[in-house]
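The values are calculated or read from the model by the stated rules, or taken from the named source; none is laboratory data. If you're wondering where the values come from, they're calculated on a predicted model, not measured in any experiment. All Cβ positions, glycine included, derive from the backbone under ideal geometry; neighbour counts span all protein chains shown.
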Amino acid sequence: MIEAEVAGIIIMLVGFYGLMSKKNLIKIVLSINIVSVGLVLFFTGTGYIEGARVPIMPQKSVVDPLPAALMLTTLVVDVAITALALTIILRMRGELK
C-alpha cells in the first residue's frame, strides 16, 4: 500500500519542519511526536500485503506481524519519553516543585 508509506513520509517531513523552525520546547517535543507517528505509519504500511490475513492459521499469504509489534512498542516508548520530556521542561521553567 503505497498511500500509507507516502503519508508517513509527509507526516515525518512536517515533524522535521517543526523541529527546525520552532524554538518553544513544548512545540519541539510535539514535533518529535509527529515524526514518530509518521515513522509508525510508514513502517506499518510497509508490512501490509493486500489480501493477506493475520498469520494465525496456515494460509497462502500472510501479513508480517513484526512491523506491527515493533511499532506498538515504539508508541509505548514514545509516550514515556514525551511524559519525561514534558516533566523536565516544566521543571526547568519552575512550574513543578
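Per-structure values
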quantity: Hey, Ala7 among the small types (Gly, Ala, Ser), out of contact with any Gly (no Cβ under 8 Å at 6 or more places or on another chain) and either assigned to a helix (DSSP H, G or I) or without any contact (Cβ under 8 Å) to a residue 40 or more places away in the chain (or both) or not; calculated: no
quantity: Top-ranked residue of the stretch 60-80 - restricted to ones that are charged (D, E, K, R) and modelled with pLDDT under 90, ranked as farthest from Tyr48 (Cα to Cα); calculated: Lys60
quantity: Verdict on Met12 being part of a helix (DSSP H, G or I) and of a type in the set (A, V, I, L, M, F, W, C); calculated: yes
quantity: Residue ID - farthest from Ala7 (Cα to Cα), chosen from residues in the stretch 41-56 that are among the β-branched types (Val, Ile, Thr) and part of a loop (DSSP other than H, G, I, E, B); calculated: Ile56
quantity: Residue among Pro55, Pro67 that is in contact with a helix residue (DSSP H, G or I) (Cβ under 8 Å, 6 or more places away or on another chain) and either in contact (Cβ under 8 Å) with a residue 60 or more places away in the chain or surrounded by 11 or more Cβ atoms within 10 Å (Cβ to Cβ) (or both); calculated: Pro67
